[in-house]
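Written out below as structure tokens is the structure these notes cover.
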Amino acid sequence: MADATKEAERLPYRLKEPFITTTELALFRALTEIMGGRYLICPKVALNDIFYIVRPNENVHFFNKFFRKHVDFLLCEPKNLLPVFGVNLVRAASKTDTRESDKFMDELFTSAGIPLVHVAANEKYDAAEIMNLFQLALMKIGGTGALRVQRNSDSVPQCPTCGKMMVLRIQRDGPRSGKKYYGCMDSPKCDGMIAID
């Protein structure tokens, strides 16, 4: 009876097994061997942990495109954890056909200036082939040698009061009526704002 009560009180969450698939684990091991200590390899990173939507109140329809999606591996600089490469396993239907989700991922990373390496899912990986894919991905965004991650000038500022993301708004009244400004997304709890000249 006590065991049944304990089971009923237990939260309805269970550990997912395995955390990563056999092909993902094989690629993780290959990347670890190839990269050594040059980059920190983070598996299954959510896209909304890497990217945010510019002017979210105007671009709400873009949210579903990356909500609950992840990149298989994100390679980051060890010192500051800045993203340097994305690595995604692809399972294309044929050599000439690319899935829509793969195309979107490619556009997303390329627009941020981060090379996305597409690796065909396999149980074994050749180091030379993977390095070639990294070179191709780097060339695709116009990078050579050491990668410089481009930062978009159309970025949304962080709230100077609480540090959360800000939202583009229009002043309704007062001397700045009709003027655009950035207001904290946590308004009215937070009154942080940045005027746009």
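The values are calculated or read from the model by the stated rules, or taken from the named source; none is laboratory data. All values reported here derive from a predicted model rather than from experimental measurement. We place every Cβ from the backbone using ideal geometry, glycine too, and count neighbours over all the protein chains shown.
Within region 61-72, is even one residue surrounded by 11 or more Cβ atoms within 10 Å (Cβ to Cβ), modelled with pLDDT of 95 or more, among the aliphatic types (A, V, I, L, M) and assigned to a strand (DSSP E or B)? So far as region 61-72 goes, yes, one or more of its residues are surrounded by 11 or more Cβ atoms within 10 Å (Cβ to Cβ), modelled with pLDDT of 95 or more, among the aliphatic types (A, V, I, L, M) and assigned to a strand (DSSP E or B). Pairing residues of region 61-86 that are more than 17 Å from L31 (Cα to Cα) with residues that are hydrophobic (A, V, I, L, M, F, W, C) and surrounded by 11 or more Cβ atoms within 10 Å (Cβ to Cβ), at Cβ distances under 6 Å and at least 6 apart in sequence or on separate chains, gives F62/I53; F66/L47; K69/L47; H70/V45; H70/A46.
From the list L108, L89, L136, L75, the one residue that fits, being aliphatic (A, V, I, L, M), on the phi < 0 side of the Ramachandran plot, modelled with pLDDT under 95 and assigned to a strand (DSSP E or B), is L89. Every condition in (1) closer than 19 Å to L31 by Cα; (2) at pLDDT below 90 is met by A127 except one, and the failing one is (2). Each residue in region 174-186 was checked for being of a type in the set (S, T, Y), surrounded by 15 or more Cβ atoms within 10 Å (Cβ to Cβ) and assigned to a loop (DSSP other than H, G, I, E, B), and 0 of them qualify.
Checking E77 against (1) more than 24 Å from G142 (Cα to Cα); (2) among the acidic types (D, E); (3) surrounded by 13 or more Cβ atoms within 10 Å (Cβ to Cβ): exactly one of these is not met. Which one? Single failed check for E77: (1). Scanning region 17-34 for residues that are modelled with pLDDT of 90 or more and exposed (fewer than 15 other Cβ atoms within 10 Å of the Cβ) yields T21, T22, L25, R29, T32, E33.
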